[in-house]
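Values quoted throughout were computed directly from the atomic coordinates according to the rules given, and no laboratory measurement underlies them. Not measured: the values here are computed from a predicted model. Cβ atoms come from the backbone with ideal geometry, glycine included; neighbour counts cover every protein chain shown.
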Amino acid sequence: MTSFSKMVSKITLGLLLFMSLPAFAFDVIGDLDHIPTGSTTVIDDFEKGNYWIWAAFDFEEWGPSKLSTSARVTSQWASQGKQSLECRFIESSATSANDGMYFMDYLWNFASERYIVVDVYNPQDKPINFSVALQVTDNWNWGGMHTVVVEPGVHTVVLDLNVIKKPRDIVRRINLCYSENTKMNGHFYVDNLRLVK
Ligand SMILES: [Ca+2]
């Protein structure tokens, strides 16, 4: 083949591969089995810096030390753009907690929002438990949502904000919550954290 026809066949192959891949058709888990279709607001796509920190030894005043060890922006994986947030954790010990948190502080109003939707990639060969919790009102009251088991691979997690029986017009903190399903050191990635009405 001439170099031109080679190039054309490569482009054709690329187009065929592209067309055969559904856009972001990840397994949807959580409170819905599909991605809700209401208007969507992205909270963080992790493309413009890192606003997240992790709960660690400094959380000991609230109990044993957490399993979370870092929260950093990475280009190792992304479901949107080029970057995601990598959340690392260690396995529990006899004296540790069995959960970890990665959080961002700001002042949001989620009163008219219904779902939190986030893409989660678990690269381990064992499941992890994942949830999202808000801290609401000026008293930073805990507003937890359902915990889902994230099997190995990429999933879109949909969580219903109406589970939180507290006002959501003052949201101070968003916590991405890991809890131990299987004892292991590991990490997971999140991307395209968004709200859907
Ligand atoms: Ca991204």
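Relative contact order for region 39-197 using alpha-carbon pairs under 8 Å, separation at least 6, rounded to a whole percent? It would help to have the intermediate numbers written out before the result.
Numbers: 433 pairs, mean separation 51.6, N = 159.
This gives 32 percent for region 39-197.
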Q | Cα→Cβ-extended label distance, 7 Å offset, between residue 39 and residue 80, nm | A | 1.6
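Would you compute, from DSSP H runs of 4+ residues alone, the mean residue ellipticity of the chain at 222 nm, taking -39500 (n - 2.57) per run and dividing by the full residue count, rounded to the nearest 500? The partial results should precede the final answer.
Details: 1 runs with 18 residues, N = 197.
Theoretical 222 nm ellipticity from helices: -3000 deg cm²/dmol.
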**Q.** Modelled label reach - residue 59, point 7 Å along Cα→Cβ, region 111-154 residues with backbone N closer than 18 Å
**A.** 128-136, 140-150
Q: Measure off 7 Å from each Cα along the Cα-to-Cβ vector at residue 169 and residue 105, then give the distance between these two points in nanometres to one decimal.
A: 2.4
Q: Over 24 Å between C-alpha atoms is what I'm after, so list which of 48/166; 126/197; 166/197; 82/166 land there.
A: 48/166; 126/197; 82/166
Q. So how far apart, in nm, are the two label points at residue 47 and residue 137 if each is 7 Å from Cα heading toward Cβ?
A. 3.8
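Please work out how much length the chain gains when fully extended from residue 93 to residue 69, using 0.36 nm per residue of separation minus the C-alpha to C-alpha distance, in nm with one decimal. Could you put the intermediate results ahead of the total?
Details: separation 24, 0.36 × 24 = 8.64 nm, distance 1.42 nm.
Roughly 7.2 nm would be gained on extension.
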Q: Starting with the fewest neighbours, write out 67, 107 ranked by other beta-carbon atoms found within 10 Å of each beta-carbon.
A: 107, 67
Q) What stretch of the chain, leaving out the sites themselves, is the longest with no chymotrypsin sites (Phe, Trp or Tyr not before Pro) in a DSSP loop having at most 14 other Cβ atoms within 10 Å? A) 25-139
